[in-house]
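One structure is given below, encoded as structure tokens.
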């Protein structure tokens, strides 16, 4: 089995730009994360444009769907911003692909102390190999079917 | 669903003792790891004596089996040293409990830069919720049934 | 000898707010930094309002001057944003206090991977004990007298 | 001014070997530390054999003295194990070189969470530029002349 990892940005991949003095995107941290995880499973990383998920539009979601469609792998982890993760999950879920697609992300950027990014990424990599075909949101230790979840923004968590 | 986490030591929980100048065990890092993971799933942490898995004997493995037997939860993650993880998995596997028990650990201590501990812990927490009852070893992105795995020590990985 | 540390904010103390999804200020990281440094020298930490130094006005700088004036200690480290560090150094320098006052900060927040904050803080703590009375800017391995420095913003460094 | 950094090992540079499962030495972390510190001062790094300072003998100390003698720079930071830092300081001090030589190290390895290594390194880099010629031990916020210091091993600190 090979796992496909699709990077789309979100808090997970936010980067502190020291000249600008603010958070944005540079390259994805995922190549480094995959090395750090010492993954012995073969992995294909695909880096789409990195976006804050509040800035994603329909075309961006179609691009993610296209990447899932074209993937040879049946296990896919999509690293995504949490704010509109549900909307992307709906687009992917409606397509009813014969694949296990797991969306995950982070509340704290990977490069920030005390980040949940590495935990969530590991969590999603487990689920993508273990659950039947379908589209799931997997964050902070909980797994949700794509059509049975909402983000509680005041608590910063999915329910 | 509630997840039970059982700490038994291993590289994951090794701690640098600054007076002795060497690695040993103090308290488990798991309470801090669970907070960092922002787990919204209820979790029960049980801390057994923390041991290097090369120092574990039959009684130590029976203690781990006892903890799994007594657990109310059907999903269990056992954090364990990698050197004898297979032996403990065999003891747990032979008991054929109606639970999903996932053993995991780390190649690099949690408190050391570039550690795989948080990834592996997330990975195991996903699998413990997603796979059927059974005993599994889950490390570095791969899942093994307890009776179909061995550790390749020269490469530092399970096969 | 006792060292006084005055926290005023800046990139050093920026904190990622996981509900807002952006960088701001919460409590200073300096209590934790001082513990981590295992400082055996007595230290007095004074926390002023934490500000982005671009948001500092004359009253804010007078408050910092007041803290330096009132301090019993003759060695003082001021943790400050880099963008207007020079302006604050000028206010402190003009007062010609019989103290060694060292302004420092960071290009990358303390809580972000690969931060220079701990290095700069150690650097300033050394200089505050070693140089004659005066006001200095100490960043990234270089020491500047307050009246002989400017920040090159395009390179993100003092010259 | 240029600063010379001499790496000799010690806790600062200890590295966790994931195949052996114990602490030893690989390459020095100092190239990475110097980049992280964003040092704008020119720096010459010289890497001597990396040793636990309990394993250092007279020849090892003469090698360090030789490196200090040959250095063109008048400011030198020696990164060294703490257990015999005083003995090396005595060898360097007796030579009465017209240079400012600062020995520093760490209680916790650079690559371990909560390490004091980066603080101590910054501290020493400040002192090496600011104090008159002489040999100093600089650890955890305190500066000692080479002939007025001892290590209290039960407290893990210099006095």
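The values are calculated or read from the model by the stated rules, or taken from the named source; none is laboratory data. All values reported here derive from a predicted model rather than from experimental measurement. Neighbour counts are summed over all protein chains in view; Cβ atoms, including those assigned to glycine, are modelled from backbone coordinates with ideal geometry.
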Tell me whether segment B:51-72 contains one or more residues that are touching a residue at least 60 places away in the same chain (Cβ under 8 Å) and within 14 Å of chain A (Cβ to nearest Cβ). no
Exactly one condition in (1) closer than 18 Å to residue C:157 by Cβ; (2) in contact with a helix residue (DSSP H, G or I) (Cβ under 7 Å, 6 or more places away or on another chain) is false for residue C:92; which is it? (1)
Give, as residue ranges, the strands (runs of 3 or more DSSP E) completely inside segment C:1-72 that count at least 2 residues that are surrounded by 18 or more Cβ atoms within 10 Å (Cβ to Cβ) and at pLDDT 95 or above. C:3-9, C:15-17, C:43-51
If I go through segment B:93-113 residue by residue, how many of them are more than 22 Å from residue B:39 (Cα to Cα) and part of a loop (DSSP other than H, G, I, E, B)? 7
Please indicate, with yes or no, whether at least one residue in segment C:28-40 is more than 14 Å from chain D (Cβ to nearest Cβ) and more than 18 Å from residue C:135 (Cα to Cα). yes
Residue among D:86, D:99 that is surrounded by fewer than 22 Cβ atoms within 10 Å (Cβ to Cβ), touching a strand residue (DSSP E or B) at 6+ places or on another chain (Cβ under 9 Å), in contact (Cβ under 8 Å) with a residue 60 or more places away in the chain and more than 14 Å from chain C (Cβ to nearest Cβ): D:86
Residue hits (segment C:122-135; touching a helix residue (DSSP H, G or I) at 6+ places or on another chain (Cβ under 6 Å) and either assigned to a helix (DSSP H, G or I) or more than 7 Å from every other protein chain (Cβ to nearest Cβ) (or both)) are C:122, C:123, C:125, C:126, C:127, C:130, C:135
For residues that are in contact with a helix residue (DSSP H, G or I) (Cβ under 8 Å, 6 or more places away or on another chain) and within 7 Å of chain A (Cβ to nearest Cβ), tally how many sit in segment B:136-159. 4
For segment B:3-26, give me each residue that is more than 17 Å from the chain's Cα centre (by Cα) and in contact (Cβ under 8 Å) with a residue 60 or more places away in the chain. B:16, B:23
Does segment A:111-133 contain any residue that is crowded, with 21+ Cβ neighbours inside 10 Å, in contact with a strand residue (DSSP E or B) (Cβ under 8 Å, 6 or more places away or on another chain) and farther than 20 Å from residue B:128 by Cα? yes
Consider segment A:3-23. How many of its residues are closer than 21 Å to residue A:45 by Cα and touching a strand residue (DSSP E or B) at 6+ places or on another chain (Cβ under 7 Å)? 12
Would you point out the residue of segment D:137-159, among those that are touching a residue at least 40 places away in the same chain (Cβ under 8 Å) and under 12 Å from the mean Cα position of the chain (by Cα), that is nearest to residue B:22 (Cα to Cα)? D:139
Going by what's in this entry, would residue C:76 be described as without any contact (Cβ under 8 Å) to a residue 40 or more places away in the chain, assigned to a strand (DSSP E or B) and touching a helix residue (DSSP H, G or I) at 6+ places or on another chain (Cβ under 8 Å)? no
Would you check which residues across segment D:110-121 are in contact (Cβ under 8 Å) with a residue 40 or more places away in the chain and facing chain C (nearest Cβ under 7 Å) and list them? D:118, D:120, D:121
Could you tell me whether any residue of segment D:143-154 is closer than 25 Å to residue C:30 by Cβ and at pLDDT 95 or above? yes
